[in-house]
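Asks: Let me begin by handing over the structure; questions about it come next.
The values are calculated or read from the model by the stated rules, or taken from the named source; none is laboratory data. In this text, all values refer to a predicted model and were calculated from it rather than measured experimentally. Cβ placement follows ideal geometry from the backbone for every residue including glycine, while neighbour counts extend to all protein chains displayed.
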Amino acid sequence: MRDVSPTERYHFVRYFYLLLAAMVMSSCSQSPGSPPLSGSSASHVRPLAGTKPHITKISTIKAKQYQNIVISGSGFGTMQPYNGDSAYLQILDNTGKWSAGYVSSSQVDSVWLDVSSWTDNKIVITGFTGDYGQSYWILMKGDHLKINVWNAQGGNGPATKGKKVK
């Protein structure tokens, strides 16, 4: 068996998650809130828990790849540290027209976030990874960002706050 390069591994993992998301989405045959079909296990499903998140403050964001970005607020839920994308955090560069750290059924960001800590009231990001720096995916002084946070336990949100790159 041959060694797999990091790029090949990245594309394989990305493809795997896209397939997984497609399978999950295609298996959803009912709209939210509709009564379960007779005999389905859906009658045992409870609504998602979690509180609505609220962002009170975002630390200074500079035009550099590695930095500490602290998002303060409430209702974020908790998550283990990670380096990649999640369905609960997104930094959108409205000026540069790119997004970091977010994955959904219709979107997978190539620029990832290195999240070192995630508590119910504080998220600490230590940098941008993945494909940061490629295809003009960089922070520039003056860029207008939009930070979106969803509750990691229930998916409630997003809480949204704007920030300008210093």
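Asks: Being modelled with pLDDT of 95 or more and in contact with a Pro (Cβ under 7 Å, 6 or more places away or on another chain) is true for just one of V111, V124, V149. Which residue is that? Can you show your working first?
Replies: On the way: V111 fails: in contact with a Pro (Cβ under 7 Å, 6 or more places away or on another chain); V124 fails: in contact with a Pro (Cβ under 7 Å, 6 or more places away or on another chain).
Only one candidate passes the filter, namely V149.
Asks: Applying the selection to segment 115-128, what residues are touching a residue at least 60 places away in the same chain (Cβ under 8 Å) and at negative phi?
Replies: Narrowing segment 115-128 to residues touching a residue at least 60 places away in the same chain (Cβ under 8 Å): 126-128.
The answer is T126, F128.
Asks: Check whether at least one residue in segment 143-152 is farther than 14 Å from Y102 by Cβ, touching a residue at least 12 places away in the same chain (Cβ under 8 Å) and not in a strand (DSSP E or B), and report yes or no.
Replies: Taking segment 143-152 and keeping what is farther than 14 Å from Y102 by Cβ, we get 143-144, 151.
Next, only the ones that are touching a residue at least 12 places away in the same chain (Cβ under 8 Å) stay: 143-144, 151.
From what's left, not in a strand (DSSP E or B): 143, 151.
The answer is yes, given that some residue of segment 143-152 is farther than 14 Å from Y102 by Cβ, touching a residue at least 12 places away in the same chain (Cβ under 8 Å) and not in a strand (DSSP E or B).
Asks: Would you call S104 surrounded by fewer than 15 Cβ atoms within 10 Å (Cβ to Cβ) and of a type in the set (G, A, S)?
Replies: yes
Asks: Still on this structure, I have one more. Going through D143, D114 one at a time, which residue ends up being touching a Lys or Arg at 6+ places or on another chain (Cβ under 9 Å) and closer than 15 Å to I69 by Cβ? Write out each step before concluding.
Replies: On the way: D114 fails: touching a Lys or Arg at 6+ places or on another chain (Cβ under 9 Å).
The unique qualifying residue is D143.
Asks: Only one of I71, I91 is over 20 Å from G133 (Cβ atoms), surrounded by 20 or more Cβ atoms within 10 Å (Cβ to Cβ), touching a residue at least 12 places away in the same chain (Cβ under 8 Å) and touching a strand residue (DSSP E or B) at 6+ places or on another chain (Cβ under 6 Å). Can you tell me which? Steps first, please.
Replies: On the way: I91 fails: over 20 Å from G133 (Cβ atoms).
The unique qualifying residue is I71.
Asks: I want to confirm something. Restricting to segment 108-144 and keeping residues that are among the β-branched types (V, I, T) and surrounded by fewer than 22 Cβ atoms within 10 Å (Cβ to Cβ), which single residue is farthest from K52 (Cα to Cα)? Spell out the reasoning first.
Replies: Of the residues in segment 108-144, the ones among the β-branched types (V, I, T) are 108, 111, 115, 119, 123-126, 129, 138.
With the extra rule that they be surrounded by fewer than 22 Cβ atoms within 10 Å (Cβ to Cβ), the set shrinks to 108, 119, 124, 126, 129, 138.
Working: V108: 24, T119: 14, V124: 19, T126: 25, T129: 28, I138: 30 Å.
My answer is I138.
Asks: Looking at W112, is it under 16 Å from G84 (Cα atoms), in a strand (DSSP E or B) and free of Cβ contacts under 8 Å to residues at least 60 places away in the same chain? Show your work before the answer.
Replies: Numbers: under 16 Å from G84 (Cα atoms): yes; in a strand (DSSP E or B): yes; free of Cβ contacts under 8 Å to residues at least 60 places away in the same chain: yes.
Answer is yes for this residue.
Asks: Okay, next question. Going by the structure shown, is S99 touching a residue at least 12 places away in the same chain (Cβ under 8 Å) and polar (S, T, N, Q)? Working first, answer last.
Replies: Values: touching a residue at least 12 places away in the same chain (Cβ under 8 Å): yes; polar (S, T, N, Q): yes.
Yes, satisfied.
Asks: Also, quick follow-up: Checking S105 against (1) modelled with pLDDT under 95; (2) in a strand (DSSP E or B); (3) not acidic (D, E), which single condition isn't satisfied?
Replies: Unmet for S105, out of (1) modelled with pLDDT under 95; (2) in a strand (DSSP E or B); (3) not acidic (D, E): (2).
Asks: Continuing with the same structure: Which condition breaks for G162 when tested against (1) outside any strand (DSSP E or B); (2) exposed (fewer than 14 other Cβ atoms within 10 Å of the Cβ); (3) not acidic (D, E)?
Replies: Only one criterion is unmet by G162, namely (1).
Asks: So, in segment 115-135, of the ones that are of a type in the set (S, T, N, Q) and either in contact with a helix residue (DSSP H, G or I) (Cβ under 6 Å, 6 or more places away or on another chain) or part of a strand (DSSP E or B) (or both), which residue ends up farthest from T78 (Cα to Cα)?
Replies: Here the answer is T129.
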